[in-house]
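In what follows, a single structure is set out as structure tokens and then discussed.
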Amino acid sequence: MLINSRLNQQDTADRSRDVRYRQDNKSTSRMMVKTRFGEYKVKSDIFKAQSYNDFLSKMIQVITTNIGRLSSHSTKSFPMIQINHASLVAVIDHYIRTQLFNQVFNPMEGNNWRVLMIAKVGIVQYIIKQISKAIYELQHSVDIKDAVIVQKAFSEVSSLKMRENFSLDIVKSIYEKTAYPSNKGEFEKDFLLFADNDTKVERLLKINENYHLFAALKYIRNDGILSSYYPDFMVKIGDEIYMVETKAQKDIYQENVIQKRKGALDWLKRINELPSKNRMNATWHYAILDDNTFYSAKNRGNSVKDMLRYCKLTNSKISGQLL
């Protein structure tokens, strides 16, 4: 079934949107890199490098083709990130020379650079983890005054494909129908119906990772690799916008869930520093809503706003600090 957007793109420029920022980098050596998620691969040809420069070149290829999220769809549908090729080479080279072995290391002296391949995948994986962390930190260190704001409306994705048997007519969504998971999707289904009937909820959107590619948030996985994920929902209530992740109560303290939350909070911190007009005149929040909290709060007559505010506060225990 093909679902079309209820609203015209131009009419919804100020509606639910993903506000993104990037540093204004004028370098002509910038290249576009496809992102992948999941287990990364290190091709064996990196261990056949004939020189240090060849090793660096192969390292760049490994990093830029493995950062991100693995999808079952065509690589053409992968989101894109921008990486300055020359700058990344310089970062890796500096790291190898000054930090990798906790002492000054000259790879160009004799055949020192071959030491990097002795431990096979071990050293390469370690370098990838460190560079992933550096890229993440770089993305979150851009001064908002120096950032170029790029706004993307969800309505730019004018149609979605979904199974009719697992879709709902959500009045407060920009789409005629909203899909929910066919496997263990009752919680999401119940949240969608409850939020749609809540008079204080103005807008409600289910983020679709196969179509809303711009809505991916970066985080560092528990294995140290830079990755991305898509929150489940965006909910607008008055002058507040909540990015909502729904989880089974047993899963909210998993390490990767904690890391995703940290990545989301880092991103939202930057969003809330933007001029009000660039964030829909709203304050943005992140909340992990677990099934136990949802059903118990619903039965007590609490509103969606009550639930999300409660979760925003109690989620702080995950990182050990109150927001």
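The values are calculated or read from the model by the stated rules, or taken from the named source; none is laboratory data. Since we're looking at a predicted model, the values are computed, not measured. Heads up, the Cβs are rebuilt from the backbone with ideal geometry, glycines too, and the neighbour counts pull from every protein chain shown.
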Hits in segment 189-223 - residues which are among the charged types (D, E, K, R) and over 20 Å from the mean Cα position of the chain (by Cα)
189, 190, 196, 198, 200, 202, 203
If we scan segment 218-234, do we find a residue that is over 25 Å from residue 255 (Cα atoms), assigned to a strand (DSSP E or B) and in contact with a Leu (Cβ under 6 Å, 6 or more places away or on another chain)?
no
Which residues, taken from segment 168-189, are of a type in the set (Ser, Thr, Tyr) and within 16 Å of residue 212 (Cβ to Cβ)?
173, 175, 178, 180
Considering residues that are aliphatic (A, V, I, L, M), in a loop (DSSP other than H, G, I, E, B) and surrounded by 15 or more Cβ atoms within 10 Å (Cβ to Cβ), the number found within segment 167-177 is 2
Restricting attention to segment 266-291, the residues that are touching a strand residue (DSSP E or B) at 6+ places or on another chain (Cβ under 7 Å) and touching a residue at least 40 places away in the same chain (Cβ under 8 Å) number exactly 16
Could you count how many residues in segment 150-166 are touching a Lys or Arg at 6+ places or on another chain (Cβ under 9 Å), surrounded by fewer than 19 Cβ atoms within 10 Å (Cβ to Cβ) and in a strand (DSSP E or B)?
3
Could you grab me the full set of residues in segment 178-197 that are outside any helix (DSSP H, G or I) and crowded, with 19+ Cβ neighbours inside 10 Å?
178, 179, 180
Residue hits (segment 198-211; assigned to a loop (DSSP other than H, G, I, E, B) and touching a helix residue (DSSP H, G or I) at 6+ places or on another chain (Cβ under 6 Å)) are 198, 200, 201, 207
Selected residue [buried (at least 18 other Cβ atoms within 10 Å of the Cβ), at pLDDT below 95 and of a type outside the set (Phe, Trp, Tyr)] from 260, 277, 269, 317:
260
Yes or no: residue 308 more than 16 Å from the chain's Cα centre (by Cα), surrounded by 15 or more Cβ atoms within 10 Å (Cβ to Cβ), assigned by TED's automatic domain parsing to the domain that holds residue 171 and not in a helix (DSSP H, G or I)?
no
